[in-house]
Every structure is written in C-alpha cells, then in structure tokens.
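The values are calculated or read from the model by the stated rules, or taken from the named source; none is laboratory data. These figures come from a predicted structure and were not determined experimentally. Cβ placement follows ideal geometry from the backbone for every residue including glycine, while neighbour counts extend to all protein chains displayed. Just the protein is used for accessible areas: all its heavy atoms, side chains included, with ligands, DNA and RNA removed. Shrake-Rupley method; radii C 1.70, N 1.55, O 1.52, S 1.80 Å.
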Amino acid sequence: MKIGVFKFSSCDGCQLAFFDIAPEIINSEYIEISYFLEATSFNIYDRFDVAFVEGSISTREEEERIKDIRDRSKIVVAIGACAVSGGIQSARNFGNFEEIYSFTYRENYFKDINPLSKPISDFVSVDYTVRGCPVNAEEIIEIITSLLLNKTPHINESPVCIECKRKSIPCLLVMGSPCLGPITVDGCGALCPSLNRGCYGCFGPIKGANFESLRDLFKERGFNFEELIKTGFNAYNPYFRGVIWR
Amino acid sequence: MERYILTIDQLEELYSIIKDEYKLISPTLKDGVIQYSQNIDFKDLPFGYTQMESAGFYTVKTTDDCYFSYIRPYNSLKQFLRPPKVNFMTVRRIDNNLTFEYHLKYEKYAFFDVRRCDLKALYILDKVFIENKYPDIQYKTVRENMFIVGVNCLKASDVCFCESMDINFEEGYGADIFITEIDKNFLVEVLTEKGKNFLNKIKLKKQQSMNLNKKEEVIEKFKTTIKKKLNTENLKDILYSKIDSPYWEELGKRCLSCTSCTQVCPTCFCFDIREENSLDMKVSERYFVWDSCFNQTFATVHKFNLREKISHRYRQWLMHKMAYWQDQFGTFGCIGCGRCITWCPVKIDIQIETQKLRDL
C-alpha cells in the first residue's frame, strides 16, 4: 500500500501520530511510505493508494494542491481538526477578516491568504475522517489495517459521554460545568473530563447530534454555547454550519 | 437462618476479613460522588453522607442520624462484572496458519454494600448472560466467584422508585449476607455457607435476643420515603399500543442521545465486538466494548441506520426497559434505581415519561 502524508495549514502535530507507530510502519511488508515531507527526504509525488491529509485549506495554492492530491489518490483520509473542520485558524471565519489580517501581518506580507479557513471536504470528496487535535495513532492503524483487509474501518461516532461512563467520571454537566461531551465525537479517552474540565469539542461534532437541546441547557445554566464551540477547533465543521451558524 | 447483631467495631472486623480474602469493592466519596471503588478502607466508606439527587442534579451532604445514610452509588456492579473493555481473544497468523487464543481473566470480587435495586439488577443480568443456551463464560465465572454483602436502604432519594419495579423486600437476591442498620447497630442475616464462614471468624458475643419486628419497621419506614411511583399494571400492553404516539417526537427533541442513561443503567448490557489488527497483519485482538442503543452505529446495517432519528432511539430504549424486556426475559429491564434520571443532563425522567405515555 503506497501511502502519502500531506500537510496544509496546520501545526504538524497530527503527523506525529505516524511517528508514534514508526517501527510498526517500517517493519510492515504491506506498507510503503512514498511521500511524507516531515519524515523523509526521499519523496515520490506520484500516485497513492491512501493519502492522509493534515491541515485546512487557507490559500488559493492549497485549493489547487488538495485537488491534485485527490486526483492522484484512491482513498483520501482527513486527519485532525484542521483538515476535518478548518482548525483553530478558522476562528477568523467568525470575525472581520481585514481587521484580523492587519493585526496579524504587515501590509501585503502574505497576499495569497483566503478570508476563510475551510476543511478539505469543502473542496474534494473525503473517504474517511480521523478526528482529534491531535489524532490518535490507534485510529490511523485502524484505517490502514482495515483498508489492507478490504473492510470498512471502525470510525468513532459515539459521544464523549460514553467514555466518561466507561471510566466512572461523574457527568460534568450534571455536576454544574459547561461541557460539549454529548455532541462531541469520542476517541480522546475523555481526557479533559478526567481532569474535571468540561469537553470543548476538539474531536468535533457528531453528525445529527441534538445541538438545539444542548444549547437550551447551556442557556438555562447561563453558559455560552456558541463561545465554547468557537474556543474549540471545530467551529467551522460542516455539521455546525446551517444549524448553529445560520 | 442465622442472625447476629453487630456493633460498628464488629462490622469493621467483618469488613477487613472479607477484604483479606477478596478483591473488595465498596462505595466511597470520590470526585464529588459516592461511587463503587476498589480497595477502600472501612474508615473511607461514605458513612454519614447522603446524596441529594433529582433529574439532572447531584450533590452530597452530611447527616449524622445513621451510618448507611446514603443510597446506591453512582456506578453499578456491571463496571466490574462486565468491564467496559475486555480483551477476550487473540488471533495470530504464523506461516499462514491461524491460532486462536481465548482469554478468561477474572477477579475474585466481594461487594460490600449492595442495595436491593442493584441486587435485582444482578438477578436480571444473570437471566441475560447465564440463563440461556449460550452462557457468557466471562460473566458466569466472575459471578460464581463473588461474595455479596446486601444492605437495606434507610432513606430513598427523589429519583428512587424501586418499590414500583417489583423489588421484593423479603428476597435476598443472591446476597451472601444481608445487613440492616437498627439504631446504629447492625442486624446481619446469613444467607449462604460462604457468609456463615465469615461470621464464624469474628468474635461475636452470644447472640443477643432481638425483636425482628424492628427490621420490618426499618423497611416500612424506608418505603414511606419513596416519593416516586410508577403504575406498572398491564404496562407492557399499554406501551405497545403507544408505539406510534407523536409524543416520542417530543422526547426526541429533548434527548441528547448522549448514551449516559444506558451507561449508568445497571441492567443495560449491550456491547460491541471490536477488532484491533497489527500493521504487520500478524496479530488480531478481539474486544468486548460497552455499546449503547443511542449510538449512531448501533442500528446501522449495511451503512443504513434503522434508527436515524433520536426519537427512534429513545423509544427503543424506553420500550426495551419497560416492555420488550418482559417478552425477552420475563421481567422489567428497569429496577427503579433512578440513575438514568439523575445523570440525564437534560433531565429526562423515565418514570415520568413512562407514566405520561401510559396516560396519553
């Protein structure tokens, strides 16, 4: 299996999941890493069985590049909150772009930048998504081994709440703290709730989750639902658009 | 049946000899809630604490009128009997031949302080996992090797409705010994040989004469503190007739589908089987993992979710607990412990909703 690992607007952190499992990858006779700039100087930009894509689409150059990678790849996997939702840099999507730009850069320092940071699924079709900020190596293994076995990978779709219960962590919402657990995909092992801090949704929203009901609960408790979603890295996720942001 | 009256010091002695022989699970105050935990010292039992529970609300406070002042803990015995993730099989490929290795890991558990609702839950789980053509060996082995100390509740919380759910206050439900606190002393009823062995080991003064009516008084007094009631007469048939009610849609609007109710429920047993494969394609591990009918993937068959809407999933859950379960196992799936009520972030109350559906 020829694998390419690609980076767009992002912090490089999700690609580190591949380093977590580097010995297994190198020792597997079924896997060939043919393109991975962060890991090797020997890269062949040709055709790929699987392209793992980190990062959001933030510039016009990136728009063209993701389309080219799609054309060269049988399977495209979006990894991490940036590729899946637009990432922390999509915070600018909710403000005044000119103001934010001039505050961040000198005039015309970086002209090519798009006003909106978008997930790759806004430009190309995506076969599988791996959530998280950063992603877990286990889920990368699940995707690769399932594709090698020609079966559908198990992609987490259950809420963080199930992980809290598995670990006997008392529900933070019931105990009085704001928490996005009920609408957020699991896979983090309920990391924040295990430290008595509410989930702020870095694995992103569950498709078809009941956002309205959780928003009503936040309102009743005097918590700001929209602001907490913006604090995370998934505010511009397609599942939120048209529902939370109209 | 042998009966003894123990003082608090003798109870502590009993506790420590059980702890010497078993992996002891007992309630304690941890992370702000009373929960079952391992290896708890007698002094760290939540004596003198009590929970204030209502729909979507939980807090603890102190009280000094008795020792067993609290109600059943936040988590239930299934956390130990049927842990959230269990590796039950490893498959290895050696020279293109497959080998299958089955794992049966279990602990010898003793549970100190199991209330009648949770004992009923064990009775129900036994029907699910043992009393069928294909018993679950993992569960059965843990079950056969455990020791149970039952305790009578003294005061109900606002979410308890055990009395409505066929809890029998005379029944031991498989406990080895049963404790009733009477005026700060402890009536211990010995129900099994295992229980007898422990009681024989502690220095008991000669059996004091006792008035058994005292125990009945304690139970009757407890019953008067249960505020919630559910009319279960003919409930199954009534609920079947409400299967197309528009009210399910109303519930679907409130329910977060967060799975919390199913995960804290002592009788919700649904699990998924997952496999984890190694990148060299040589080892495949199989796991039992807790699942929930509120998960999207639960009723997804060939990429099509049979219960796409949250209202469908809530209906499945409530109907299973209160109706389908009776056809499957001859009992309600609900024991009236109220955990799902307390731990529902959006305050959906199964007793109120069932009663409402019945009265519609």
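Residues in segment B:47-66 that are open to solvent by 70 Å² or more (accessible area, probe 1.4 Å) and either among the aliphatic types (A, V, I, L, M) or outside the structural domain of B:Leu14 (by TED's automatic domain parsing) (or both): B:Met52 only.
Can you confirm whether segment B:67-84 contains a residue that is of a type in the set (S, T, N, Q), open to solvent by 40 Å² or more (accessible area, probe 1.4 Å) and either without any contact (Cβ under 8 Å) to a residue 40 or more places away in the chain or under 15 Å from B:Val149 (Cα atoms) (or both)?
No, segment B:67-84 contains no residue that is of a type in the set (S, T, N, Q), open to solvent by 40 Å² or more (accessible area, probe 1.4 Å) and either without any contact (Cβ under 8 Å) to a residue 40 or more places away in the chain or under 15 Å from B:Val149 (Cα atoms) (or both).
Restricting attention to segment A:128-154, report how many residues are within 9 Å of chain B (Cβ to nearest Cβ), out of contact with any Leu (no Cβ under 9 Å at 6 or more places or on another chain) and either part of a helix (DSSP H, G or I) or open to solvent by less than 40 Å² (accessible area, probe 1.4 Å) (or both). Residues that pass the stated criteria total 3. Taken as a whole, the structure leaves A:Phe97 outside the set of residues that are open to solvent by 60 Å² or more (accessible area, probe 1.4 Å) and aromatic (Phe, Trp, Tyr). Scan segment B:13-46 for residues that are open to solvent by 40 Å² or more (accessible area, probe 1.4 Å), within 24 Å of B:Asn75 (Cβ to Cβ) and in contact (Cβ under 8 Å) with a residue 12 or more places away in the chain and the total you get is 8. Scanning segment B:37-47 for residues that are touching a strand residue (DSSP E or B) at 6+ places or on another chain (Cβ under 8 Å) and either within 14 Å of chain A (Cβ to nearest Cβ) or modelled with pLDDT of 95 or more (or both) returns B:Ser37, B:Gln38, B:Ile40, B:Asp44, B:Leu45, B:Pro46. For B:Val91, the criteria (1) within 18 Å of B:Ile177 (Cβ to Cβ); (2) in a strand (DSSP E or B) hold in every case but one, which is (1).
For segment A:163-179, residues that are within 9 Å of A:Ala190 (Cβ to Cβ) and under 22 Å from the mean Cα position of the chain (by Cα) total 2. B:Val114 falls short of the stated requirement of being at negative phi, hydrophobic (A, V, I, L, M, F, W, C) and either within 14 Å of chain A (Cβ to nearest Cβ) or open to solvent by 40 Å² or more (accessible area, probe 1.4 Å) (or both).
Go through the residues of segment A:158-181 one by one and say whether even a single one is charged (D, E, K, R), facing another protein chain (nearest Cβ under 10 Å) and surrounded by fewer than 22 Cβ atoms within 10 Å (Cβ to Cβ). Yes: segment A:158-181 contains one or more residues that are charged (D, E, K, R), facing another protein chain (nearest Cβ under 10 Å) and surrounded by fewer than 22 Cβ atoms within 10 Å (Cβ to Cβ). Considering B:Ile17, B:Ile40, B:Ile34, B:Ile71, the condition of being part of a strand (DSSP E or B) and β-branched (Val, Ile, Thr) is satisfied by B:Ile34 alone.
Looking only at segment B:94-122, which residues are acidic (Asp, Glu), in a strand (DSSP E or B) and farther than 30 Å from B:Leu154 by Cβ?
B:Glu101, the sole residue that qualifies.
Counting only helices (runs of 4 or more DSSP H) wholly contained in segment B:202-312, the ones carrying 2 or more residues that are in contact with a Leu (Cβ under 7 Å, 6 or more places away or on another chain) occupy B:213-224. Quick check: anything in segment B:234-256 under 24 Å from B:Ile148 (Cα atoms) and of a type in the set (D, E, K, R)? Within segment B:234-256, none of the residues are under 24 Å from B:Ile148 (Cα atoms) and of a type in the set (D, E, K, R). Has segment B:259-279 got any residue that is surrounded by fewer than 16 Cβ atoms within 10 Å (Cβ to Cβ) and at positive phi? No.
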